[in-house]
Amino acid sequence: MEAFTYRENQLCAEDVPLRTLAERYGTPAYVYSHAAILENYARIARGLAGTPHLVCYSVKANSNLRILSLLREAGAGFDIVSGGELARVGRVKAAMDRVVFSGVGKTVEEIDAALAAGLLMFNVESDGELHVIEQRAAALGRTAPIALRINPDVEAETHPYISTGRFIHKFGVPKDSATALYRHAVASPHLRVRGIACHIGSQILQVEPFLKALEEILEIASHLRAEGIALEWLDLGGGYGIRYQAEAPLDWDGLTSRIHHQLAHSPYRLIVEPGRAIVGDAGLLLTRVLYLKHTPEKNFIIVDGGMNDLLRPALYGSEHQVWPVLKRPGPARPADVVGPLCETGDFLARDRQLAPLQPGDLLAVMTAGAYGFALASNYNSRPRPPEILVSGSEAQLIRARERLDDLMTGETP
Ligand code: LLP
């Protein structure tokens, strides 16, 4: 099923014309397809069906409570990286024994909250953190379940800001220091060794980097096993790339059949932490044209959505497709789609060929379901946009547009 399709030249989210949503909820607005989220989740789970596994949706990609609820109902666990995300998964009544806690800088407060919640495991990223977790578990009279997140020194071939698996990156424990830390952990009455983890980056389109990373952690796991340190879980992290333009998507079935082959007859259960691959292409940013401006060099389409709503183009140079909500005939012209913020970096798309537009027309910035709303800010004192979930012919407001008063909450004039 295609989540977003044209019907009589009108772009629809499932069965609802986007024009109707713009009239009802205003613009800019995030629109998600319920069916697409569940289909993406099901495809990921299907690929892993032959391997004992747990899909832990990476909450950071899109942490809307309604989306977390529907993934929980579909059977997902969660990958969290903060006390805020812990509170969110708690709010949707996630089974805490299906939640893993990653992140390089967990605070004492976050560690205490996670110990109280009783998670599946902490993915520990340094020796310092391991010791703090051990101390806090001792102080609270608990045993902390842990995995070490290994830095396997594998190249992920993605944007440098979202590549995490080399020794130049801050993430994980260098693979050569893992064994000593595991020895320490098994000897501690306050730590329970449960697994091993890695995460090499995001928006990775090749199968090989994942397989290399898996090989690295499997090798460490079997050395540990030979020493009598048995692990239950192998967490391969997230990072499964999707299509934004014409790039070939990651061959998920190819990857999972190789993983299945690698793990056949092994005692481990697999965790994956997909974020983008579940919500990315299930969402778009709906925005309205305010003005057209022509300079001797450029045609600008000035829209009401900007970098505070969707930061990815400015931050990573990411290229989201831009589709007109009403398809009009006419020759395409080159144009930049830019927002109203006071920054030259405030663009949603540059140098695109777009059919003629007029002020008031609607545009859809596609594939914005992951790291779209999640990275939105109030820069330029702009209220964050609403989020709308469409299921068939039903649309549900799952987060209201912020009000101007919300922008000043907690401040003193
Ligand atoms: N697990 C860990 C430990 C992570 O750090 C991440 C993402 C994921 C899982 C999920 O990765 P995914 O499957 O979504 O690729 N803001 C950037 C992406 C940052 C990814 C950070 N870590 C973007 O908009 O492209």
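The values are calculated or read from the model by the stated rules, or taken from the named source; none is laboratory data. Bear in mind that the values here come from a model prediction, so they are computed numbers and not experimental data. So basically every Cβ, Gly included, is an ideal-geometry build from the backbone, and we count neighbours across all protein chains shown. For accessibility, only protein heavy atoms count, side chains too; no ligands or nucleic acids. Shrake-Rupley method; radii C 1.70, N 1.55, O 1.52, S 1.80 Å.
Things to note:
- Taking every residue in segment 79-101 that is closer than 15 Å to Leu120 by Cα and pairing it with any residue that is more than 16 Å from the ligand (Cβ to nearest atom) and at pLDDT 95 or above, at least 6 positions away or on another chain, the pairs with Cβ-Cβ distances below 6 Å are Leu86/Ala113; Ala94/Arg72; Met96/Ala117; Met96/Gly118.
- Residue ranges of strands (runs of 3 or more DSSP E) in segment 317-390 with at least 3 members within 16 Å of the ligand (Cβ to nearest atom): 347-354
- Comparison of Pro324, Pro340, Pro383 shows that the only residue that is open to solvent by 10 Å² or more (accessible area, probe 1.4 Å) and either in contact with a Cys (Cβ under 6 Å, 6 or more places away or on another chain) or within 21 Å of Gln10 (Cβ to Cβ) (or both) is Pro324.
- One residue from Pro274, Pro313, Pro267 being within 16 Å of the ligand (Cβ to nearest atom), closer than 30 Å to Arg194 by Cβ and not β-branched (Val, Ile, Thr): Pro274
- So Glu2, is it at pLDDT below 95 and either open to solvent by 30 Å² or more (accessible area, probe 1.4 Å) or in contact with a helix residue (DSSP H, G or I) (Cβ under 7 Å, 6 or more places away or on another chain) (or both): yes
- Residue selected from segment 5-59 under the condition part of a strand (DSSP E or B) and out of contact with any helix residue (DSSP H, G or I) (no Cβ under 9 Å at 6 or more places or on another chain), by the criterion least open to solvent (accessible area, probe 1.4 Å): Val16
- Residue match in segment 279-286 (condition: farther than 30 Å from Leu71 by Cβ, open to solvent by less than 20 Å² (accessible area, probe 1.4 Å) and touching a residue at least 24 places away in the same chain (Cβ under 8 Å)): no
- Out of His320, His294, one residue alone is over 22 Å from Phe78 (Cβ atoms), without any contact (Cβ under 8 Å) to a residue 12 or more places away in the chain and assigned by TED's automatic domain parsing to the domain that holds Gln358. It is His294.
- Matching residues in segment 164-204 - criterion: being aromatic (Phe, Trp, Tyr), assigned to a loop (DSSP other than H, G, I, E, B) and away from the ligand (no atom under 13 Å from the Cβ): Phe167
- Within segment 115-163, being surrounded by 14 or more Cβ atoms within 10 Å (Cβ to Cβ), free of Cβ contacts under 8 Å to residues at least 40 places away in the same chain and within 16 Å of the ligand (Cβ to nearest atom) holds for Leu119, Phe122, Glu129, Ser163.
- Residue count for segment 60-80, restricted to those that are among the hydroxyl-bearing types (Ser, Thr, Tyr) and in a helix (DSSP H, G or I): 1
- Taken over segment 239-283, the criterion of being aromatic (Phe, Trp, Tyr) and within 12 Å of the chain's Cα centre (by Cα) is satisfied by Tyr240 alone.
- Test result for Glu232, among the acidic types (Asp, Glu), more than 16 Å from the ligand (Cβ to nearest atom) and surrounded by fewer than 23 Cβ atoms within 10 Å (Cβ to Cβ): yes
- Failed condition for Arg243, given (1) closer than 22 Å to Ile162 by Cβ; (2) more than 14 Å from the ligand (Cβ to nearest atom); (3) open to solvent by 70 Å² or more (accessible area, probe 1.4 Å): (2)
- Residue that is surrounded by the most Cβ atoms within 10 Å (Cβ to Cβ) [pool: residues in segment 205-214 that are more than 19 Å from Trp233 (Cβ to Cβ) and more than 16 Å from the ligand (Cβ to nearest atom)]: Lys212
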